[in-house]
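Here's the structure, in structure tokens; my notes come after.
Nothing in this text is a laboratory measurement; each read-out follows from the coordinates by a stated rule. All of these numbers come straight from a predicted model, not from anything done at the bench. All Cβ positions, glycine included, derive from the backbone under ideal geometry; neighbour counts span all protein chains shown.
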Amino acid sequence: MVCPSRLLAFVPVALLVIAMPGPSVLFTIGRALTVGRRSALLTVVGNGVGLAVQGLALAVGIGALLASVSGALAVLKVGGGLYLIWLGVQAIRHSHDDVDASAVAAAPRSTMADLRVGFVLGLTNPKSLVFLGALLPQFVSPHADPAPQLALLGAIFAVLAILGDSVWALAASAARGWFGRSPRRQARLQAGGGVMLIGLGAYSVVSGTKPA
């Protein structure tokens, strides 16, 4: 178990980091604008599960290995970036469909598909991998087995991330509801969300192709 004093110190630090806008927040906002509240919240949960898996990877030493191999991090950045670009292109393609945008988004999707979208983002986010690899060990007690402590801290971070990103999802989806009362505004909003996803994906690809 993690020492209670270390756990109490970890929670506010994790909350501060989660509150800072980053890739997951931008993705959540873009997702809420393009496909609506339900899908955005499901992808938030999927993202949290991906982060938890990263925490487990750190607990068994995989995260430390990946963080030390620049090629592996580049693959994660480029792969995740291309996936975001694909999602953004799909959002723009459907922005002028004659049916409700949420129905368009729901047609080819299921609950598991939405969860999978978020999971891929969380799992392939190299920023969170490196960050967790640097942060979590600082709160591990040297007098106990580090593996279960790292796993627990990673799980706590994932839960806090789900709660924090859900706030962004609800706020963005509320704005989407107002825009949705006008088909033209709805189309522009969905296209804007798609552009946001493409921009985030392009940044990830470019950063992944830069020399270390």
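Some notes on this structure:
- Estimated inter-spin distance, CYS3 and THR209, nm [label 7 Å along Cα→Cβ]: 4.7
- Exposure proxy ranking for SER128, SER110, SER166, based on other Cβ atoms within 10 angstrom of each Cβ and starting from the fewest, stands as SER110, SER166, SER128.
- Ordered by the number of other Cβ atoms lying within 10 Å of each residue's own Cβ, fewest first, ARG93, ARG31 fall into the sequence ARG93, ARG31.
- When TRP86, TRP168 are arranged by Cβ crowding within 10 Å, least crowded first, meaning fewest neighbours, the order is TRP86, TRP168.
- Computing FRET efficiency as 1/(1 + (r/R0)^6) for ALA144 and VAL89, where r is the C-beta to C-beta distance and R0 is 45 Å, gives about 0.40.
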